[in-house]
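Each remark here refers to the structure printed beneath this line.
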Protein chains: 2
Amino acid sequence: MDERLGGIEFGGTKTVCVVGGRGVVEHEERFPTGSPEQVMDACAAFFAAHEVAAIGLGAFGPCDPDPDSPTHGWITTTPKPGWRDVDLLGGLRARLGDLPMGFDTDVNVAALGELAHGAGVGLSSLVYLTIGTGVGGGGIVDGRLVHGLVHPEMGHMRIPRSDAERTTFPGVCPFHGDCFEGVGAGPALAARWGDPAQDIGADDPRYAAMWDLEADYLAVTLHAIVCVLSPQRIVVGGGVGAQRVLLERVRPRLQASLAGYIVSPAILEGIDTYVVPPALGAQSGGIGALELAGLALTR
Amino acid sequence: MDERLGGIEFGGTKTVCVVGGRGVVEHEERFPTGSPEQVMDACAAFFAAHEVAAIGLGAFGPCDPDPDSPTHGWITTTPKPGWRDVDLLGGLRARLGDLPMGFDTDVNVAALGELAHGAGVGLSSLVYLTIGTGVGGGGIVDGRLVHGLVHPEMGHMRIPRSDAERTTFPGVCPFHGDCFEGVGAGPALAARWGDPAQDIGADDPRYAAMWDLEADYLAVTLHAIVCVLSPQRIVVGGGVGAQRVLLERVRPRLQASLAGYIVSPAILEGIDTYVVPPALGAQSGGIGALELAGLALTR
């Protein structure tokens, strides 16, 4: 009999607890990400009602996924009030006992979900990029999640823009101004186009201009990801990222930007299946958290 | 008794054969990279004289390091005359018999050498970037070489430049114009500054201007590498890359570009040991090839 697994996605605004098996969410519960104590108590209550053999945690960043670090499982330098230097993994262990637990970034966990049960089945490498209120990227190389110094922060690459563009809009990232997140995430679209991306209608002329420019920026970001990580597939998710209007525009631009240099059928002929939306839809994170729990159990 | 290992570095202009043990080159021989037949015959002659238990190969790209691919061990779409679609690994097996052999890109092999015996000892992730006549990048994540779709091509990222810069110099990459290789490798420096980088003296005012601009470009390239791969250390080698005048300039620029966002002591306080020249000097590739041979033997 397969043991039941648990997962938690800690998001900046909401937290999701799930139970299920590998590849299947059987039950989920969502609540606002209040104070750390509130959230950890709510998670503990959920798992008191749903017995599981292991739990996988995906957390917003910056956080510390390094198992050899003294702050492993912590949320570290977040600007989110009350959440700086919070020992999330330790707090859950204190409440739930010594269950096997895995901890990683929310986007790495989503990448794991897509690799194991979604758009990446059969592959050994993948990037999951989410574009919403921020931009996050998770990576898998040779079947393993990318960690290293801290964890990937793919949204914060500096990307090429024209001087005219820079003059018109300096970008909204408090650290870098016009890194990709600073010009391409939801708040940048809202600041620049006067409306949240979703609210500009398809018949508004700004609509096409916005998505064209967004696709230009995303294409050079993906170009860099291809050059550095050479993933076998790129999954683009998030409220902004998974829009068909964007993915349709970015694919030919990525091909044009790479300019035939990366000689792979996936890019030269199969771009429609190289840059894809999440196959698991909104469940990449939940299914990824269950997968991480499964890995923690067999470790 | 340790078995002796062999290594071959196939470079665009010269090929190097080595024998030794893990971390030690005992003997090496260099010859020009002539035709594939000439080179493979010369390698076979070398290893007829030096018996080894396994051989590690590092090759210029584009090549195919994917062990599951039908063209594994081939040089693929190179512009180098006579070398397109050459089955290097197969040709060596035909000459040397069924020895265990490992095959990877020259830069991945150099990264492996630095990880195992050089600047990366004790780490699990590393990027090795070489800037010479071209720019290549090798990566290691969680102890494993980065492959994926093809292999990394870190030199071909598009990087931010001002419009004035773009007007002054469009870059020399035949594919991308002003990707990092197109503005930052030796031929770009020669095209722009009128002399090969090495020949501009320290008292020539162009000298400082050249290295300042080179450091600006390298800093945003490293910024992207940090964001995508989050390596624990970056080794910068090659005739242009390993110059102290460049590394001294790039470190503060990388810190400034990341702007405190990546909260790691390695970047905030230890940048001098985060971006470093190869600890193995010119032997990163040779020692890496021996390491790859050792891995092939124990696989």
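Bear in mind that the values in this text are calculations on the coordinates, not laboratory data. None of the values given here were measured: they were computed from a predicted structure. In this analysis, Cβ positions are derived from the backbone assuming ideal geometry, glycine residues included, and neighbour counts consider all displayed protein chains.
Add +1 for every Lys or Arg and -1 for every Asp or Glu among the other residues with Cβ under 11 Å from the Cβ of A:H176, and state the total.
Computed value for this residue: -2.
For segment A:119-279, max minus min Cα coordinate along each principal axis, in Å, sorted largest first?
Cα spread of segment A:119-279 along its principal axes, largest to smallest: 42, 35, 28 Å.
I want the local charge near B:L213. Using Cβ-Cβ distances under 13 Å, sum +1 for each Lys or Arg and -1 for each Asp or Glu among the other residues.
The answer is +1.
Considering Cα pairs under 8 angstrom that are at least six residues apart, work out the relative contact order of segment B:101-250 and quote it in whole percent.
26
If you filter segment B:201-299 for GluC sites (Glu not before Pro), then keep DSSP loop positions with at most 12 other Cβ within 10 Å, what is left?
When the GluC sites (Glu not before Pro) of segment B:201-299 are filtered for loop state and at most 12 Cβ neighbours within 10 Å, B:E269 remain.
Between copies, how close do the B:T168 label points come, placed 7 Å along Cα→Cβ, listed in nm from shortest?
Its label point is 2.6 nm from the equivalent points in the other copies.
For the residues A:H176, A:H156, what sequence is obtained by ranking on other C-beta atoms within 10 Å, fewest first?
Result, fewest neighbours first: A:H176, A:H156.
Which FRET efficiency value, to the nearest 0.05, is calculated for B:D204 and A:A259 with the Förster distance at 41 angstrom and r the Cβ-Cβ distance?
Between B:D204 and A:A259 the formula returns 0.75.
Give me B:L213, B:L246 ranked fewest to most by other Cβ atoms within 10 Å of their Cβ, as a rough exposure proxy.
Least to most surrounded, the residues fall as B:L213, B:L246.
Run the reach check for B:K80 against aspartates and glutamates, Cα to Cα strictly under 15 Å, same-chain hits fewer than 8 apart removed. What comes back?
B:E37
Just check segment B:83-185 against the gyration tensor rule for me: Cα atoms, a ≥ b ≥ c as the square roots of the eigenvalues, rounded for a/c under 1.5, and otherwise prolate or oblate depending on whether a/b exceeds b/c.
Working: a/c = 3.09, a/b = 1.59, b/c = 1.94.
Oblate, since a/c reaches 1.5 and b/c is not below a/b.
Taking amide H atoms as placed 1.01 Å from N in the peptide plane, list the residues 5 or more away in sequence, or in a different chain, whose amide H sits under 5 Å from that of B:D66.
The list, which skips near neighbours in sequence, is B:G73.
Determine the sum of side-chain charges near B:V86: Lys and Arg each +1, Asp and Glu each -1, restricted to other residues whose C-beta is under 10 angstrom from that of B:V86.
Summing Lys/Arg as +1 and Asp/Glu as -1 gives -1.
Taking a point 7 Å out from Cα toward Cβ as the label site, list the nm distances between A:T13 and the same residue in every other copy, smallest first.
Spacings between copies for this position, smallest first, are 5.7 nm.
With an 8 Å cut-off on Cα pairs and a minimum separation of 6 or more residues, tell me the relative contact order of segment B:1-123 in percent.
Relative contact order of segment B:1-123: 24 percent.
So for the protein assembly as shown, taking the charge dipole from beta-carbon charges (+1 Lys/Arg, -1 Asp/Glu), which of A:L88, B:G138, B:V24 sits furthest toward the positive end?
B:G138
Calculate one ³J(HN,Hα) per residue across segment A:75-80 by plugging θ = phi - 60° into the Karplus curve 6.51 cos²θ - 1.76 cosθ + 1.60, and present them in order as whole Hz with x for glycine and proline.
With the stated coefficients, segment A:75-80 comes to 7, 9, 8, 5, x, 5 Hz.
Helix hunt in chain A: which complete DSSP H runs extend at least 27 Å axially by C-alpha with mean Kyte-Doolittle at least 1.0? The partial results should precede the final answer.
Details: long enough: A:205-229 (36 Å, 0.87).
TM-like helix candidates: nothing returned.
Over chain A, what is the mean sequence separation of C-alpha contacts under 8 Å (at least six apart), divided by residue count, expressed as relative contact order in percent?
Relative contact order here is 23 percent.
Relative to the other copies, what are the label-point distances for A:F31, with labels 7 Å from Cα along the C-beta vector, expressed in nm at one decimal and sorted shortest first?
7.3
Which loop-located GluC sites (Glu not before Pro) does segment B:1-76 contain, where loop means any DSSP state but H, G, I, E or B and the Cβ has at most 13 other Cβ atoms within 10 Å?
Answer by residue number: B:E3, B:E51.
With chain B treated as a Gaussian network of Cα nodes joined by springs under 10 Å, which of B:G143, B:G237, B:G260 yields the largest mean-square fluctuation?
Answer for the Gaussian network model of chain B: B:G260.
Compute the FRET efficiency between B:D41 and B:T298 as 1/(1 + (r/R0)^6), taking r as their Cβ-Cβ distance and R0 = 41 Å, and round to the nearest 0.05.
0.90
Using only C-alpha positions, report the orientation-averaged shadow area of the convex hull of the protein assembly as shown, nm², one decimal.
28.2
Roughly what % of DSSP beta bridges within the protein assembly as shown run antiparallel, to the nearest 5?
65
Rounded to the nearest 0.05, what FRET efficiency is calculated for A:D142 and B:S162 with R0 set to 41 Å and r the Cβ-Cβ distance?
Approximately 0.60, to the nearest 0.05.
Counting only other chains, and only Cβ atoms inside 10 Å, what mean value do you get across the residues of A:215-228?
5
Can you compute 3J(HN,Hα) from phi for each residue in segment A:124-141, using the Karplus curve 6.51 cos²θ - 1.76 cosθ + 1.60 with θ = phi - 60°, rounded to whole Hz and x for Gly and Pro?
Per-residue couplings from phi come out as 10, 9, 6, 10, 10, 10, 10, 10, x, 5, x, 10, x, x, x, x, 10, 10 Hz.
Extension gain B:S69-B:E28, at 0.36 nm per residue separation less the Cα-Cα distance, in nm?
11.7 nm
Please report Rg (one decimal) and Dmax (integer) in Å for the Cα set of chain A.
When restricted to Cα atoms, chain A yields Rg and Dmax of 19.2, 62 Å.
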